Amino acid sequence: MSNEWNEIGEDEVTRALRQGLQAEADRTPVPDRYDEIVVAAEQGRRRRGWLLVAAVMVPVLGAVGYLGGRLTSGGLAGTPAQVPATVTAAAEASESKQSASASARLSPPAEVSGSALAFVSPSGAIECVMGGTRAPDGVECHLTVKAVWGPKHRCESVNGTVPWSSDYGVVFIGSEGATTYCNGQGFTELDLSGSDGKRYTSWYDPSRFETRTAANGSLAPVLPYGTTAVVGQTRCQISQSGGISCSRGDQTGFRLSTQTLVLRNGGKDTSYTG
Amino acid sequence: MVETEPREHAGSADEWFRSVYDEHWARLVRLAAVLLGSTDRADEVVQEAMLGLLRNRAKLSKGPVTGYLRTAVVNGCRSVHRHRAVVAKHPEPAPAPVAGPEERGVATVTADAVIEALRTLPQRQQEVLVLRYYSGLSEAEIAEALGISRGAVKSYSHRGVSVLRQLMGRQS
């Protein structure tokens, strides 16, 4: 190797470093995951294909239903969509009442739940993951757009504190409460509809819920305004004016929008505004 | 370390991916383990990177994939590190060495100590040192993998090695 590093050659420390790293690598088990990767990719491809078909068919069926309704003097046209199993009983009751109405458009459920959820806000400005390996103790959210309060708020990173940026800052409820973290690449490395998609979106039924393209290019489910997402003790709700509010049962939570960040720990609020 | 780029295959997409997998899987799992400092989740990180490759194969299969996969693995490891950072503030006692006493000569003990010291460095410095001393990458390749300038790579490397030397000096 050429000495492009412009440093004195190897010494005892760099030699030991090289040996140590190699020893660590040699100790690493390498399980074969080829089949799992291929199957997961195929499932993702089918889902995307199915969503494309749904995207085409929904307006077509809607138009047919509209025309049918006109022809039958306002009668109910079309078949109600299948109710997903994970929508709560209250939401199901609400939906079943609504399905009897003359409206072909389904209202969002009051609550969605699962062991892990991922979603984007209707505007696309907020992306969140609840539970799973990503946010095992609560929820993690970030903004895909610039925050008014961002430049004034410093947050923790492995290299000290740095100013918040929507490029790499996240807000989360974890084992140490509600806090911010600035490092890495925010959510850009997270594929909301990838191999983890099924795990993170167990409530998601594209026949009923809107989708958006997330910041990283993947298709993600939209959490409608007014619907509460629940994973364990953590609850999140998005409002058009206030952004997303998340709370856990221990007086821990946050409210995140482009205008404000409020962190709540032990019932005490810390606010950041422009 | 010389890394060959996947050759263009006249055969099916499956054949292309099989060849990419065979060429890169084991090496990337080991790289992820070294970057993470543990074998836990190393294969998961590389699995995600491979899935990303498959999802974008129409675009990526036309060219070399080594850089894409390496960057995806580094990003995946960074994501795991971020969630470990809170725990790292209250570190648990270091695990016992895997190798038995009869396998550990003087050199291995020194290597263990350097690795232990490496894990105390800032994440970026660790990444640079791992890519340099384990993967044997050039300045330019490390800069590309980490998305930073070559000057920053040199700086992180210099600082990292300096701190390691200091730490080892104190320990000896």
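The values are calculated or read from the model by the stated rules, or taken from the named source; none is laboratory data. The structure presented is a predicted model; accordingly, all values stated were derived computationally and were not measured. A quick note on method: Cβ atoms are made from the backbone with ideal geometry, for glycine too, and the neighbour counts reach across all protein chains shown. Ligands, DNA and RNA are excluded from the accessible area calculation, which covers all protein heavy atoms including side chains. Shrake-Rupley method; radii C 1.70, N 1.55, O 1.52, S 1.80 Å.
For the reader, a short list of remarks on this structure follows.
- The simple spin-label model puts a point 7 Å past each Cα toward its Cβ; for residue A:10 and residue A:42 those points are separated by 4.5 nm.
- Heavy-atom accessible surface that A and B bury in contact, both chains counted, 1.4 Å, Å² to 100: 5100
- Ranked order, A:168, A:204 - accessible area, probe 1.4 Å, largest first: A:168, A:204
- Net charge in the neighbourhood of residue B:124 (other residues with Cβ under 10 Å of its Cβ; Lys, Arg +1, Asp, Glu -1) is +1.
- The label point for residue B:38 and the one for residue A:176, both projected 7 Å from the Cα toward the Cβ, are 1.7 nm apart.
- Proximal charge balance of residue A:258 [Cβ under 14 Å; K/R count +1, D/E count -1]: +2
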